[in-house]
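Okay, structure first, notes after.
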Amino acid sequence: MTRILPRKDVVIVGLGWTGAILANELTDQGLDVLAIERGPWRDTATDFNIGYMQDELRYSVRRDLFLQPVVETMTMRNDPSQTALPMRDFGSFLPGNGVGGAGVHWNGHTWRFWDSDFKIKSNLTNRYGAARIADLQVEDWGVTGAEMEPYYDQFEYLAGISGKAGNIKGQLQQGGNPFEDPRSRDYPNPPMDMTYAPTLFAETGRSMGLHPFPTPSANMSRAYTNPLGVTLGQCTFCGFCERFGCANYSKSSAQTTVLPVLMKKANFEVRTDSEVLHVDLHTGGKSARGVTYIDSSGEEFFQPADLVLLCAYGLHNVRLMMLSGIGRIYDPGSGEGTVGRNYCYQTNAGTQVFFDDKNFNPFIAAGALGQTIDDYNGDAFDHGPLDFVGGAGINCIPTNGRPIGTRPTVPGTPKWGSAWKKATVQGYKSTLSFSSQGSSYATRTNYLDLDPTYKDRFGRPLMRMTFDFPDNDIRMSNYLCDRMEEIAKKLGGKQYAVGRRKKGWDSVPYQSTHNTGGAIMGIDPKRSAVNTYLQSWDVPNLFVIGASAFPQNAGKNPTGTVGALAFRAADAIRNHYLRNPGAPLVQA
């Protein structure tokens, strides 16, 4: 029997970056807010303690902080003609689990998308003609770079981002990214001190006429106190960022920026180890009345609320909408329906340059310590004579030199034995790696829906992911690989290797935890699931916040844009929605 609980003003599903930001903003507004988190409570002092956090086997190999398939998995296939099969282990991407979500184990690359990214369909059509994107299903976001700028600024100052502005109020800044949109002020912290590998990469890029700049980093270049009064410590370059919580309070996360303030508020509560099964709707399905969840003892509860915010990982937001009957599930055959539409990813490729005479000391590292070249990102370069649209940042970011995972060897090295051991010794300190992080543009047949066969432990259909790298994105990635090969040759090592992206997305090897789309934002309810404030077109007292809102993905990490969208949604709720609760903020 389901137990009915006292009503709350707001119920939030998930307490990661977006959930923490929305909870803090709405409790400041005086609302009674409850967050329901599927995973456990996680805190720096108790869960990321310096005494045991740097355990590569436990956290990187055995993935102690990540979602396990027994809790939730999904099925995958490359195209609609195939039968999807369950992922028995997460590999290509690694969703987080517990308070802080994927923001606990991220590296900290914190980007702003460009105005041309937000107006991509209009921009590409105007510049190259509609025929150039006929095989794609890209969409404008319904917002501009200028409209997003103050919310990017708000997130960057909350998180204490370390970087160098390239354009302040239209004035280009020496040493920053000359391709970025104008910003109102510089980053709150200066760039991180560079180690040898990114320094050499940047010097080589400049000698080729390119424009390297420090990667914007959520690893602190100095001690920093954010606008909420929470202090973070300076990064110690330990090399344990990705797949790890930060033991040093030096990497931005919900734990190190928001939760110390939020958890002290009398009008906020979090219930951990509790999984939301679905959003409950009033008769007629036009408004939410709360959520049903189950706790670790197996008891089921109904939590009534006036406002429901889905702030889980993007893929889980989409599945909850489908399981709750919110919106129409996308059908690639007819092109109708919006929930599950425009699933996108990231199109990456990597390069290694091997030297005999250099020591890069890879263990002196941080998750976002490095240099980036954006000359071939987005629409920063002319695609007129090319056979693709989109682009990628080229990044030299040596995140770690951990002994289990860091084993670079020259091509042709045996996979085991004494020759392999000798090659790993030779390659460990003397290999420089860099990569392209490319855009992922939507197509009609890359989408999410519910699997007709496989179910989870509660009897609910698993999400089915249908995805392969579009031909456009493969051509883009190959072009970037050619550019990386030019840089590799200029670096002058004894040998180099370029790993090119190929068709046939494989869910086994790790690639990126940058899953986007499925509940995309826009101005047309026939082509988007939420409006430009992330409010559901179908259920106006439901907001869906996260990378699920991206109509497609740029050649940049999504977290900065996710944080900015969270602040924008919070602003709209506080200053507009609460004046007329339950009403749409945008008329269809």
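Taking (1) of a type in the set (Lys, Arg); (2) farther than 27 Å from PRO403 by Cα; (3) in contact with a helix residue (DSSP H, G or I) (Cβ under 7 Å, 6 or more places away or on another chain) in turn, ARG206 satisfies each apart from (3).
If the condition is being over 28 Å from GLY16 (Cα atoms), crowded, with 20+ Cβ neighbours inside 10 Å and not aliphatic (A, V, I, L, M), then the range 128-144 contributes only GLN137. Take THR125 and tell me if it is closer than 22 Å to GLY335 by Cα, of a type in the set (Val, Ile, Thr) and either open to solvent by 10 Å² or more (accessible area, probe 1.4 Å) or modelled with pLDDT under 95 (or both). Against the criterion (closer than 22 Å to GLY335 by Cα, of a type in the set (Val, Ile, Thr) and either open to solvent by 10 Å² or more (accessible area, probe 1.4 Å) or modelled with pLDDT under 95 (or both)), THR125 qualifies. Scanning the range 166-174 turns up no residue that is surrounded by fewer than 22 Cβ atoms within 10 Å (Cβ to Cβ), in contact with a helix residue (DSSP H, G or I) (Cβ under 9 Å, 6 or more places away or on another chain) and either aliphatic (A, V, I, L, M) or assigned to a loop (DSSP other than H, G, I, E, B) (or both). THR516 - would you say it is of a type outside the set (Lys, Arg) and under 20 Å from the mean Cα position of the chain (by Cα)? The answer is yes for THR516.
Restrict the check to the range 52-59 and report whether at least one residue is open to solvent by less than 70 Å² (accessible area, probe 1.4 Å), among the basic types (Lys, Arg) and modelled with pLDDT of 95 or more. No, the range 52-59 has no match at all. Number of residues in the range 246-294 that are within 30 Å of SER221 (Cα to Cα), of a type in the set (Val, Ile, Thr) and open to solvent by 10 Å² or more (accessible area, probe 1.4 Å): the value is 1. Cβ separations smaller than 7 Å between residues 6+ apart or across chains give the following pairs from the range 1-15 residues that are at pLDDT 95 or above to residues that are crowded, with 20+ Cβ neighbours inside 10 Å and polar (S, T, N, Q): LEU5/GLN303; LYS8/GLN303; VAL11/GLN303.
When residues in the range 19-39 are screened for being within 21 Å of the chain's Cα centre (by Cα) and open to solvent by 10 Å² or more (accessible area, probe 1.4 Å), 2 of them pass. Scanning the range 533-581 for residues that are out of contact with any Pro (no Cβ under 8 Å at 6 or more places or on another chain) and of a type in the set (Phe, Trp, Tyr) yields TYR533, PHE543, PHE567, TYR577. The number of residues in the range 106-144 that are small (Gly, Ala, Ser), farther than 19 Å from MET476 by Cα and not in a helix (DSSP H, G or I) comes to 2. Is it fair to say LEU232 is of a type in the set (A, V, I, L, M, F, W, C), open to solvent by less than 50 Å² (accessible area, probe 1.4 Å) and within 29 Å of PHE354 (Cβ to Cβ)? Considered against the rule, which asks whether it is of a type in the set (A, V, I, L, M, F, W, C), open to solvent by less than 50 Å² (accessible area, probe 1.4 Å) and within 29 Å of PHE354 (Cβ to Cβ), LEU232 comes out as no. Contact map, the range 296-316: residues that are at pLDDT 95 or above paired with residues that are among the basic types (Lys, Arg) and part of a helix (DSSP H, G or I), Cβ distance under 9 Å, separation 6+ or inter-chain. Pairs shown: ALA312/ARG319.
Can you find a residue that is among the hydroxyl-bearing types (Ser, Thr, Tyr) and closer than 24 Å to ASN107 by Cβ anywhere in the range 515-533? Within the range 515-533 (the criterion being among the hydroxyl-bearing types (Ser, Thr, Tyr) and closer than 24 Å to ASN107 by Cβ), the answer is yes, since at least one residue qualifies. When every residue of the range 145-163 is checked against the conditions, none turns out to be open to solvent by 10 Å² or more (accessible area, probe 1.4 Å) and outside any helix (DSSP H, G or I). Scan the range 299-330 for residues that are among the aliphatic types (A, V, I, L, M), under 19 Å from ALA20 (Cα atoms) and open to solvent by less than 10 Å² (accessible area, probe 1.4 Å) and the total you get is 6.
Within the range 551-581, the residues that satisfy the criterion of being open to solvent by 40 Å² or more (accessible area, probe 1.4 Å) and of a type outside the set (A, V, I, L, M, F, W, C) are ASP571, ARG574, ASN575, HIS576, ARG579, ASN580, PRO581. The set of residues from the range 206-227 being polar (S, T, N, Q), open to solvent by 10 Å² or more (accessible area, probe 1.4 Å) and either modelled with pLDDT under 95 or not in a loop (DSSP other than H, G, I, E, B) (or both) comprises SER207, THR225. Of the listed requirements (1) closer than 30 Å to PHE354 by Cα; (2) open to solvent by 40 Å² or more (accessible area, probe 1.4 Å); (3) aromatic (Phe, Trp, Tyr), PHE179 misses just one: (1).
The values are calculated or read from the model by the stated rules, or taken from the named source; none is laboratory data. Small disclaimer: the values here were computed from a predicted structure and weren't measured. Cβ atoms come from the backbone with ideal geometry, glycine included; neighbour counts cover every protein chain shown. With ligands, DNA and RNA removed, areas are computed over all heavy atoms of the protein, side chains included. Shrake-Rupley method; radii C 1.70, N 1.55, O 1.52, S 1.80 Å.
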